[in-house]
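Beneath this line is the structure, given in structure tokens, with notes to follow.
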Amino acid sequence: MLKVGLTGGIGSGKSAVASALSSYGAVVIDADAIAREVVEPGTPGLAEVVAEFGEGVLTPEGRLDRPRLGEIVFADESRLAALNAIVHPLVAERSGRLMEEALASDAGVVVYDVPLLVENGLASLYDVVVVVDTPDEVRVERVSRDRGMPREQVRARIDVQADRETRLAAADLVVDNSGTREELDDRVAELWRELLERAG
């Protein structure tokens, strides 16, 4: 089984690449989805977040108000570190279980979609690290258009992530996503052929 670490900054198109790889037959473990799962209402994770940040980070329905929490943590590194100290161990535990299930299922290629792979020094956990690379300005444009997030908030998130050079330095394979969706589809098809070759 080939263990692939897939990463890229906010707005890079990493999720589109993960989705395409899944359609080709890869088992995809999505760290973002797990991070949402571990703070669902009623979970110990959400209780810890509320204990740390207060009731103000909840919606009226008792769910985590992600935009509100994002405003707090992306403006203050110590608050971001406090959030990560709660969420990251929960994500690691859950993703470890999913990885074990993938091993048991005899999957040929397992893709672990993890936004902060470089920032958290996780490259050594994977056989291959794939970086989805997109110029920062393109990322700002995409996120503000697709998610309705103010540009300054997008830039604040980019600023707390690894810079482009650092991320590229960790890559075994790079997927350029500076162009159209059709061009990206072609590049992912090439990537899949390469991963299958490496999986043997």
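Dividing the summed helix terms, -39500 (n - 2.57) for each DSSP H run of n ≥ 4, by the number of residues in the chain produces a 222 nm estimate of -17500 deg cm²/dmol to the nearest 500. Taking the DSSP bridge list for the chain and keeping only pairs wholly inside it, about 5 percent are antiparallel.
In whole percent, what relative contact order does region 115-200 give with Cα contacts below 8 Å and a gap of six or more residues?
Numbers: 65 pairs, mean separation 32.0, N = 86.
Value for region 115-200: 37 percent.
Under 5 Å from the amide H of residue 112 lie the amide H atoms of 4, 5, 6, 29, each residue being 5 or more positions distant or on a separate chain, with H modelled from the backbone and absent for Pro and chain starts.
Which whole-number percent gives the relative contact order of the chain, counting Cα pairs below 8 Å spaced six or more residues apart? Numbers along the way, then the final one.
On the way: 270 pairs, mean separation 74.2, N = 200.
Averaging sequence separation for qualifying contacts and normalising by length gives 37 percent for the chain.
Apply the Karplus curve 6.51 cos²θ - 1.76 cosθ + 1.60, θ = phi - 60°, to the phi angles in region 117-129 and return the couplings in whole Hz, x for Gly and Pro. Per residue, the Karplus-derived 3J(HN,Hα) values read 4, 6, 4, 9, x, 9, 4, 5, 6, 10, 6, 9, 10 Hz. Apply the Debye scattering formula to region 103-148, with a single equal point scatterer on each alpha-carbon and no solvent, then give log10 I(q)/I(0) at q = 0.33 Å⁻¹. Debye intensities relative to I(0), on a log10 scale: -1.17.
Can you tell me the equivalent ellipsoid semi-axes for region 104-186? Use √(5λ) from the Cα gyration tensor, largest first, whole Å.
Working: eigenvalues 124, 55, 32 Å².
Equivalent ellipsoid semi-axes, largest first: 25, 17, 13 Å.
About the Cα centre, and with charges only on the beta carbon of Lys, Arg (+1) and Asp, Glu (-1), how big is the dipole of the chain? Nearest 20 debye, please. Can you show the working numbers first?
Working: 22 positive and 37 negative charges, 46 e Å.
Roughly 220 debye for the chain.
Could you run the Debye sum over the Cα atoms of region 1-84, one equal point scatterer each and no solvent, and tell me log10 of I(q)/I(0) at q = 0.27 Å⁻¹, two decimals? Calculated log10 I(q)/I(0) at the listed q: -1.30.
Scan around residue 132 for amide H atoms under 5 Å from its own, H built in the peptide plane at 1.01 Å from N, and keep only partners 5 or more places away or cross-chain. Amide H to amide H, under 5 Å and 5 or more residues apart or across chains, residue 132 pairs with 7, 8, 175.
Taking only the C-alpha atoms of region 76-122, the Rg (one decimal) and the largest Cα-Cα distance, Dmax (whole number), read 13.4, 43 Å.
Where a number appears in this text, it was derived from the coordinates with a stated rule and is not lab data. Everything quoted here is computed from the prediction, not taken from an experiment. Neighbour counts are summed over all protein chains in view; Cβ atoms, including those assigned to glycine, are modelled from backbone coordinates with ideal geometry.
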